[in-house]
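Presented below is the structure to which this report refers.
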Amino acid sequence: MENTTLCFWVYKGEIGNEGIEQVGFARVITDLATFVYLSDVFILPDYRKLGLSNWLMDVITNHSELQEVRRFMLATNDAHALYKKYGFNQIDNPERFMQKARKSPYQQ
């Protein structure tokens, strides 16, 4: 099965018109069968508290290609309350999960 990346954008204005502005984004990395990783979720500061995060999560969690995937994961520093509304919880059996974290190439 191929790897798939789905990108979701939030824009202010209408596509095709001058002055359109990207105000949010999220990326989903998935095999469309067993695993989804939600990453790079953001709404620009001037557009927060307008319900856009909730709208974006509605779009992502209801996306037709993601309905049968068994595990949907993400990492967050401060948006636990948002993700809990969409069924996300602490990891079961965190002792099973491992990571290999490398120093960011942008930090020298």
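The values are calculated or read from the model by the stated rules, or taken from the named source; none is laboratory data. Computed from a predicted structure; not experimentally measured. Neighbour counts are summed over all protein chains in view; Cβ atoms, including those assigned to glycine, are modelled from backbone coordinates with ideal geometry. These area figures cover heavy atoms from the full protein model, side chains too; ligands, DNA and RNA do not enter into them. Shrake-Rupley method; radii C 1.70, N 1.55, O 1.52, S 1.80 Å.
Quick check on my filter: what residues within region 18-62 are in contact (Cβ under 8 Å) with a residue 40 or more places away in the chain and open to solvent by 50 Å² or more (accessible area, probe 1.4 Å)? Walk me through how you get there before you give the answer.
If we filter region 18-62 for residues that are in contact (Cβ under 8 Å) with a residue 40 or more places away in the chain, which is where we start, we get 52, 55-56, 59-60.
Trp55, Val59, listed by residue number.
Report whether or not Thr34 is of a type in the set (S, T, N, Q) and at pLDDT 95 or above.
The answer is no for Thr34.
Among the listed residues Val36, Val28, Val41, Val10, identify the single one that is touching a helix residue (DSSP H, G or I) at 6+ places or on another chain (Cβ under 8 Å) and farther than 25 Å from Asp92 by Cβ. Lay out the reasoning, then the answer.
Values: Val36 fails: farther than 25 Å from Asp92 by Cβ; Val28 fails: farther than 25 Å from Asp92 by Cβ; Val41 fails: farther than 25 Å from Asp92 by Cβ.
Only one candidate qualifies: Val10.
In region 7-17, which residue that is surrounded by fewer than 16 Cβ atoms within 10 Å (Cβ to Cβ) and not polar (S, T, N, Q) is nearest to Arg71 (Cα to Cα)? Outline the logic, then answer.
Looking only at region 7-17, we keep the residues that are surrounded by fewer than 16 Cβ atoms within 10 Å (Cβ to Cβ), and these are 7, 9, 11-17.
Next cut, not polar (S, T, N, Q) only: 7, 9, 11-16.
Numbers: Cys7: 18, Trp9: 23, Tyr11: 29, Lys12: 32, Gly13: 34, Glu14: 34, Ile15: 33, Gly16: 36 Å.
So the residue we want is Cys7.
Taking only region 76-94 into account, find how many residues are open to solvent by less than 80 Å² (accessible area, probe 1.4 Å) and under 18 Å from Asp40 (Cα atoms).
Selection size over region 76-94: 7.
For residues that are surrounded by 10 or more Cβ atoms within 10 Å (Cβ to Cβ) and under 24 Å from Ile43 (Cα atoms), tally how many sit in region 63-74.
Adding up the residues that qualify gives 6.
Considering Arg27, Arg70, which residue is at pLDDT 95 or above, touching a Ser or Thr at 6+ places or on another chain (Cβ under 7 Å) and among the basic types (Lys, Arg)?
From the options Arg27, Arg70, the qualifying one is Arg27.
Only one of these conditions is not met by Ser104: (1) farther than 16 Å from Thr30 by Cβ; (2) at pLDDT below 95; (3) open to solvent by 50 Å² or more (accessible area, probe 1.4 Å). Which number is it?
Failed condition: (3).
If you go through region 56-72 one residue at a time, do you hit one that is among the small types (Gly, Ala, Ser) and under 28 Å from Gln99 (Cα atoms)?
No - not one qualifying residue is present in region 56-72.
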